[in-house]
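Below you'll find the structure, written out as structure tokens, and then a few comments.
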Amino acid sequence: MPQTTKPARKMKTKAVKRGRPPVPYILIRAGVVLTPDKEIRRGAVLIKGRRIVAVGRDKEIAAAVRKAHDQSDRFTMDVVEAPDLIAVPGLIDIHQHGGGGADYIDGTVEAARTVLETHVRGGTTSVLPTMMTASRPALKKALAAVDALRPRGKRGSLPATTEAGPDILGIHLEGPFISKKRHGAQPPGAVRRIDEAEIREYLRIFRTPIRLMTLAPELPGAPAFIKFLVRRGIIASAGHSDASFEEAIRGFDAGISHGTHLFNAMRGFFHREPGLAGALLLNERASVELIADGRHLHPAAVFLVLQAKPADKVVFVTDASRNAGTKEAPLLTAAGGLFGSNLRLLEALLKLMEWSGWSLQDVLPLATSNPARILGLEKRKGTLLPGADADIVLLDYKFQVKDVWCAGRRASVFEKKQ
């Protein structure tokens with residue numbers, strides 16, 4: 001790799017109290033830093049603990065640290081020299097099932113770890129592990145496996161023994177309260193009626209919060225259930241649905257604010273019946289997911305959505321199944337339909353760059369600041385600004401991932417390469 005980590009440089013002033021440990025910093029110097037709102041050439045990101053404390057021109061950042069500690073404290077600084085690389089915020093995938101030959105629904109810690117490691121190699125540093133429609137016992141087993149991988153430390157601290165990897169922001173439940181007519185790759189035998197008690201049980205048993213739930217808004221009892229989700233801070237998302245335009249509007253009135261993989265597994269747009277897809281396009285407050293792999297959506301459909309929706313209401317997702325990150329062909333259903341994608345999130349951004357001629361800075365928000373804002377985490381995630389989590393990806397100029405930092409620590413899969 002072009003970048004190297006220099007030994008920590010320890011500087012000490014006469015004003016230091018004996019026995020006081022030095023303040024540790026990490027300084028990442030890159031050829032370009034994309035925040036993503038701003039481009040900084042010969043930029044640097046300064047990390048203290050798990051947070052970013054400064055971003056700017058590299059000489060200015062180093063001087064500011066020395067000045068801050070001149071009369072107060074010792075400090076150490078690990079310097080990552082990456083003059084030929086681009087530093088960008090870690091990517092956020094809010095719809096991800098599998099990768100590396102595993103799927104979260106396999107229900108083992110090993111499977112969940114394999115999925116996370118597969119995607120962090122592609123630059124994804126924050127995820128909503130997504131559970132496909134499954135039986136209640138299968139969902140409990142899968143949720144327990146994710147729980148086992150999620151650090152128990154308080155926010156802002158991470159046990160040193162915990163492997164550095166993607167931040168599990170919560171769970172995305174894709175079903176089981178969906179339309180049997182629009183089940184897509186979800187097993188129809190596991191589709192069931194809305195049952196509030198089932199979700200209450202998951203919320204009671206598991207530490208990892210449910211952040212997002214996909215459901216069909218036309219189902220009996222849906223309006224009351226949507227309100228139940230919203231009261232608990234869970235994003236209600238319309239998907240795997242045969243809802244008409246009018247049924248979709250009633251869903252919005254109840255609290256739906258998101259659309260799961262727009263156009264896929266839902267009633268499409270027709271000029272006499274705009275359906276759920278048309279309702280999501282027209283609702284300026286609703287955000288939508290797009291799977292930009294060239295198979296789920298024609299490039300023109302992607303551009304149509306980007307033109308129709310407010311810029312911050314579109315997010316790219318992978319909907320990755322177990323073959324993501326492998327050389328295996330994408331999965332298909334028994335009927336020959338699509339079964340998730342083989343994407344890792346950066347690959348979706350590169351597809352859009354290929355189709356459009358846009359720059360990396362143009363497309364980055366679709367996988368960084370936009371999903372962070374939808375989750376209410378825009379101050380912590382999806383940006384390289386002071387106060388945000390130090391989730392940083394280093395890319396070469398062919399947009400290949402060269403290094404990844406998660407909450408201020410080099411991702412374990414990259415640490416092992418050093």
Tell me which of these Lys227 doesn't satisfy, since it passes every other one: (1) in contact with a strand residue (DSSP E or B) (Cβ under 8 Å, 6 or more places away or on another chain); (2) surrounded by fewer than 23 Cβ atoms within 10 Å (Cβ to Cβ); (3) not in a loop (DSSP other than H, G, I, E, B). (1)
I'd like to check something: does the stretch 350-360 contain any residue that is buried (at least 22 other Cβ atoms within 10 Å of the Cβ), in contact with a Gly (Cβ under 8 Å, 6 or more places away or on another chain) and of a type outside the set (A, V, I, L, M)? no
Go through Leu128, Leu143, Leu139, Leu116 for me and flag whichever is in the same structural domain as His95 (by TED's automatic domain parsing), in contact (Cβ under 8 Å) with a residue 40 or more places away in the chain, part of a helix (DSSP H, G or I) and touching an Asp or Glu at 6+ places or on another chain (Cβ under 9 Å). Leu139
Among Ala372, Ala367, the single one that is under 11 Å from the mean Cα position of the chain (by Cα), surrounded by 16 or more Cβ atoms within 10 Å (Cβ to Cβ) and more than 14 Å from Val88 (Cα to Cα) is Ala372
I'd like to verify a number: residues in the stretch 274-295 that are in a loop (DSSP other than H, G, I, E, B) and buried (at least 24 other Cβ atoms within 10 Å of the Cβ), how many? 2
Tell me, yes or no, whether the stretch 312-329 has at least one residue that is in a helix (DSSP H, G or I) and either surrounded by fewer than 19 Cβ atoms within 10 Å (Cβ to Cβ) or modelled with pLDDT of 95 or more (or both). yes
Can you name the residue in the stretch 287-330 that is among the aliphatic types (A, V, I, L, M) and closer than 16 Å to Ser369 by Cα and is also farthest from the chain's Cα centre (by Cα) among such residues? Leu306
For the stretch 231-241, give me each residue that is surrounded by fewer than 16 Cβ atoms within 10 Å (Cβ to Cβ) and out of contact with any helix residue (DSSP H, G or I) (no Cβ under 8 Å at 6 or more places or on another chain). Arg231, Gly233
Going by the conditions given, is Arg250 assigned to a loop (DSSP other than H, G, I, E, B) and surrounded by fewer than 19 Cβ atoms within 10 Å (Cβ to Cβ)? no
Hey, any hits in the stretch 330-347 for a residue that's buried (at least 18 other Cβ atoms within 10 Å of the Cβ), over 24 Å from Glu39 (Cα atoms) and among the β-branched types (Val, Ile, Thr)? no
List the number of the failed condition for Tyr104; all other conditions in (1) hydroxyl-bearing (Ser, Thr, Tyr); (2) modelled with pLDDT under 85; (3) touching a Pro at 6+ places or on another chain (Cβ under 6 Å) hold. (2)
In the stretch 43-60, how many residues are assigned to a strand (DSSP E or B) and without any contact (Cβ under 8 Å) to a residue 40 or more places away in the chain? 4
Residue check: is Phe339 on the phi > 0 side of the Ramachandran plot, touching a residue at least 12 places away in the same chain (Cβ under 8 Å) and over 14 Å from the mean Cα position of the chain (by Cα)? no
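The values are calculated or read from the model by the stated rules, or taken from the named source; none is laboratory data. Given the structure is predicted, the values throughout are model-derived calculations rather than measurements. With ideal geometry, Cβ positions are generated from the backbone for all residues, glycine too; neighbour counts draw on all protein chains shown.
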